[in-house]
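What follows draws every value from the coordinates through simple rules; no lab data is involved. Owing to the predicted nature of the structure, the values given are computational and were not obtained by experimental measurement. All Cβ positions, glycine included, derive from the backbone under ideal geometry; neighbour counts span all protein chains shown.
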Amino acid sequence: MDQDKPWALISELGEGVYTEDITDIMKQHFHLISHKEFLQNPQLQGPKIQALFLWNACPDAEPSLLTSLPLLKVVANGGVGIDHLDVPYINSLGVKVTNTPGVVSDATADMAMGLLLASARKIVEGHRVATDPNTFSVPEGMMGVEVTGSTMGIIGMGDIGLKIARRARGFEMKILYHNRNRRSPEDEASVGASYCQNIDDLLRQSDFVVLAVNLSPETRGLISHRQLSLMKPTSTLVNISRGLVVDQDALVQALRSGMIRAAALDVTYPEPLPRDHPLLGLPNVLITPHIGTDTYTTTRKMVQLMVENAVAAVKGLPIPNEVRPK
């Protein structure tokens, strides 16, 4: 019976990302309770819950929630980034933390290339022109920039960065990369990438700078006034990592002044931006609402991995993707 399964807390049921086919994956192993249901009687429900499933950082794994779940064994995060989680604190409660690396890489790399192409070729602006009933010809300012044969600089050459490079190679792009650790000669050769030990060299040479790093104290504010000033005035910044990797005030200034040509962002801080934020009013910015992993195929893979991690933690088995404090 469903009540005999371990209990798991999720943000919602039957809406948003947790559609019926997705929750069916979870229901094979867990009795699910939504955060809304939980809040109606936390004293009764809390002692039953052994797993907490997080999607888009919801529900918030704050101390007041975690301490109300005395039997909790695992916080299973959907996605790779865990910057919204205090892993040492959660571990101090005897609770494991997991994420879903690998399965998000293809969709995120696709998103990076989609943003790059849409920005370079003004696809969104073109759509607006083509569907405007009062426009009968292509207006001035629709000239884009060439992608094929240009130079891409990738900052963060993990699994996602490597997949972005593979896609860029299909556009005959010259690929530069900067990473904390240099990739193997075989990896470099497979995508034709050249390593830049100094990030400044990459910024000076690239037509498109793509950010694919994890958020950490070292990468927070990685791109600010100085870094933007090194980029070409014809260059584009593409960010599919985390909003806090970029100093947004510096980015606004760079875009307004013509220091760089454009920015294409799937991530900002906060998310969503306040409706009066200056980034939203700039014509040379393309923003999407952190949907880099939002495909049906990838979402199902992520949820399946979340469940596998949670089942292992509840049963005391080796966890496929445990996140440990650094």
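Which entries of LYS36/LYS326; LYS36/LYS96; LYS122/LYS301; LYS232/LYS301; LYS174/LYS326 show an alpha-carbon separation above 30 angstrom in the structure shown?
LYS36/LYS326; LYS122/LYS301; LYS232/LYS301; LYS174/LYS326
Which whole-Hz ³J(HN,Hα) couplings does the range 135-146 yield from phi under the Karplus relation 6.51 cos²θ - 1.76 cosθ + 1.60, θ = phi - 60°, glycine and proline marked x?
Each residue of the range 135-146 in turn: 10, 10, 8, 6, x, 5, x, 9, 5, x, 10, 6 Hz.
First select every other residue whose beta carbon is under 15 angstrom from the beta carbon of LEU202; then total the charges, Lys and Arg +1, Asp and Glu -1.
Computed value for this residue: +3.
Rank ALA109, ASN198, LEU237 by how far each Cα sits towards the positive end of the charge dipole of the range 105-287 (+1 on Lys, Arg Cβ; -1 on Asp, Glu Cβ) and give me just the farthest.
After comparing all options, I get ASN198.
Near the amide H of ILE287, under 5 Å away, which other amide H atoms are found, from residues 5 or more places off or on another chain, if H is placed in the peptide plane?
Under 5 Å from the amide H of ILE287: LEU265.
Is there a quick way to get the dipole size of the chain? I mean about its Cα centre, with the Cβ of Lys and Arg at +1 and of Asp and Glu at -1; what is the value in debye to the nearest 20?
With Lys and Arg at +1 and Asp and Glu at -1, about 640 debye.
Shape call for the range 47-188 from the C-alpha gyration tensor, a ≥ b ≥ c root eigenvalues: rounded (a/c under 1.5), prolate (a/b greater than b/c) or oblate?
It comes out oblate by the Cα gyration axes.
Counting helices only, and only those DSSP H runs with n ≥ 4, report the 222 nm mean residue ellipticity of the chain as the sum of -39,500 (n - 2.57) divided by its residues, in deg cm²/dmol to the nearest 500.
The helix-only estimate for the chain comes to -10000 deg cm²/dmol at 222 nm.
Quick check: the distance between the Cα centres of the range 249-326 and the range 228-242, to the nearest angstrom?
Spelled out, the Cα-based centre of one part sits 17 Å from the other.
Which ³J(HN,Hα) values, rounded to whole Hz and listed in residue order, are derived for the range 267-278 from phi using the Karplus coefficients 6.51, -1.76 and 1.60 in 6.51 cos²θ - 1.76 cosθ + 1.60 with θ = phi - 60°, glycine and proline given as x?
Once θ is set to phi - 60°, the couplings for the range 267-278 become 9, 9, 9, x, 10, x, 5, x, 5, 9, 5, x Hz.
Please report, in debye to the nearest 20, how large the charge dipole of the range 105-287 is about its Cα centre when each Lys and Arg carries +1 at its beta carbon and each Asp and Glu carries -1 there.
The dipole magnitude comes to about 180 debye.
Quick check on the range 70-154: take the gyration tensor over C-alpha atoms, sort the square-rooted eigenvalues as a ≥ b ≥ c, and tell me if it's rounded (a/c under 1.5), prolate or oblate.
Here the range 70-154 falls in the prolate category.
Skipping prolines and chain starts, which residues have an amide H placed within reach, meaning under 5 Å, of the one on LYS96, given they are 5 or more residues away or on another chain?
Answer set, sorted by chain and number: VAL74, VAL75.
Could you give each residue of the range 83-92 its phi-based ³J(HN,Hα) in whole Hz, using Karplus coefficients 6.51, -1.76, 1.60 with θ = phi - 60°, and x for Gly or Pro?
Going residue by residue, I get 5, 8, 10, 8, 4, x, 5, 4, 4, 5 Hz, with x marking Gly and Pro.
Show the residues, 5+ positions off or on another chain, whose built amide H is closer than 5 Å to the amide H of SER194.
The list, which skips near neighbours in sequence, is ILE175, LEU176, TYR177.
Whole angstrom only: what separates the Cα centroid of the range 18-51 from the Cα centroid of the range 113-144?
For the range 18-51 versus the range 113-144, the Cα centre distance is 45 Å.
Residue farthest toward the positive end of the dipole of the chain, with Cβ of Lys/Arg at +1 and Asp/Glu at -1: which of THR98, ALA118, SER34?
Towards the positive end, the residue furthest out is THR98.
Tell me the GluC sites (Glu not before Pro) within the range 79-151 that lie in a loop according to DSSP and have at most 10 other beta-carbon atoms within 10 Å.
When the GluC sites (Glu not before Pro) of the range 79-151 are filtered for loop state and at most 10 Cβ neighbours within 10 Å, GLU140, GLU146 remain.
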